[in-house]
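Visitor: One structure is given below, represented as structure tokens, and several questions about it will come after.
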Amino acid sequence: MPASLIPGRAAALASPKKWTLPARGLAVYYGCPETLRLFHYFLPAAILAGRRLLCLDGGNRFDPLLLARMARQRRIETALFNQNVRVARAFTCFQLTELLARVAHPATAARNFPADTLLITALPDLYFDEDVRDVPARASFTQALQELRRLRLQFGVAVFSDAPSFTTVRQRFFPALLSVADYIWKFTPEQDGGVQLACEKSSAALPAAG
């Protein structure tokens, strides 16, 4: 990744929690075209904290070479990343909704990979596909939101989206996603080439886990 996409040092040092994945609840990250790749920069700290991460990659942005480079830079054994990160790719909105449904089923999630943190890219972006008719796209997205409401009680869930850059009648899907988020974070490019991260919403309390 170009150096210009690396989080600004001042922002990272002043507010380290800004670059920390949620322990529980649903966080949505948006604001710049690079958002779908910036999730990589949250991974090292999470791995070092002992978290197990499952990435549902609807944007096809997961980059193992970038992750390996970050591990070397931080003197982290690559094996530690391999043991604690799993990736499942979705190429259609229906596949992403199905993956969410599978993860929301506790028995299936525990059997496949006992994750405590879920990362999702390109939601609702993937549902904007013009090759998918409006009615099935809306139905699939509605189910995805239902699954997210369940998942936010089981995991720390982080959604990385570039939805605002699209021009589509389905743009209303993005406000619907924000309405169920516990946290909303916005990336803003800085003049020095870094990226600032600002919190737009933070819930005072989350519901007790079911």
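Here, each number is a calculation from the coordinates, and none is a lab measurement. Everything quoted here is computed from the prediction, not taken from an experiment. All Cβ positions, even for glycine, are placed from backbone atoms using ideal geometry, and neighbour counts span all protein chains on display.
Visitor: Could you give me the ³J(HN,Hα) list for the stretch 116-125, computed from phi with Karplus coefficients 6.51, -1.76, 1.60 and θ = phi - 60°, whole Hz, x at Gly and Pro?
Guide: Values, residue by residue: 10, 9, 10, 10, 9, 10, 6, 10, x, 3 Hz.
Visitor: While we're looking at this one, here's another question. Whole-Hz ³J(HN,Hα) for each residue in the stretch 130-144, computed from phi via Karplus 6.51 cos²θ - 1.76 cosθ + 1.60 with θ = phi - 60°, x for glycine and proline: what do you get?
Guide: 6, 6, 9, 5, 4, 5, x, 5, 5, 5, 5, 5, 4, 5, 4
Visitor: Which percent of Cα-Cα pairs in the chain sits in each 10 Å bin, short to long?
Guide: So the P(r) values, bin by bin, are 8, 36, 38, 16, 1.
Visitor: Taking other Cβ within 10 Å of each residue's Cβ, how do His40, His105 sort, fewest first?
Guide: So the residues, fewest neighbours to most, are His105, His40.
Visitor: Once the dipole of the stretch 22-186 is set up with Lys and Arg at +1 and Asp and Glu at -1 on Cβ about the Cα centre, which of Phe174, Thr142, Gly156 lies farthest towards its positive end?
Guide: Gly156
Visitor: Sticking with this structure for a sec: Return Val195, Val159 ranked ascending by Cβ neighbour count within 10 Å, so the fewest neighbours appear first.
Guide: Result, fewest neighbours first: Val195, Val159.
Visitor: Along its principal axes, what span do the Cα atoms of the stretch 95-204 show, with the longest given first and each in whole Å?
Guide: Principal extents (Cα only, largest first): 47, 34, 26 Å.
Visitor: Gain in length, Arg86 to Leu48, computed as 0.36 nm per residue apart minus the alpha-carbon separation, to one decimal in nm?
Guide: Details: separation 38, 0.36 × 38 = 13.68 nm, distance 1.57 nm.
Full extension from Arg86 to Leu48 adds 12.1 nm.
Visitor: Net charge near Pro22: determine it from the other residues with C-beta under 14 Å of the C-beta of Pro22, scoring Lys and Arg +1 and Asp and Glu -1.
Guide: With Lys, Arg at +1 and Asp, Glu at -1, the net is +4.
Visitor: Hey, another quick one. How do Cys199, Cys55, Cys93 line up, fewest other C-beta atoms within 10 Å first? Present the calculation step by step, with values, prior to reporting the outcome.
Guide: Details: Cys199 13, Cys55 23, Cys93 26.
Least to most surrounded, the residues fall as Cys199, Cys55, Cys93.
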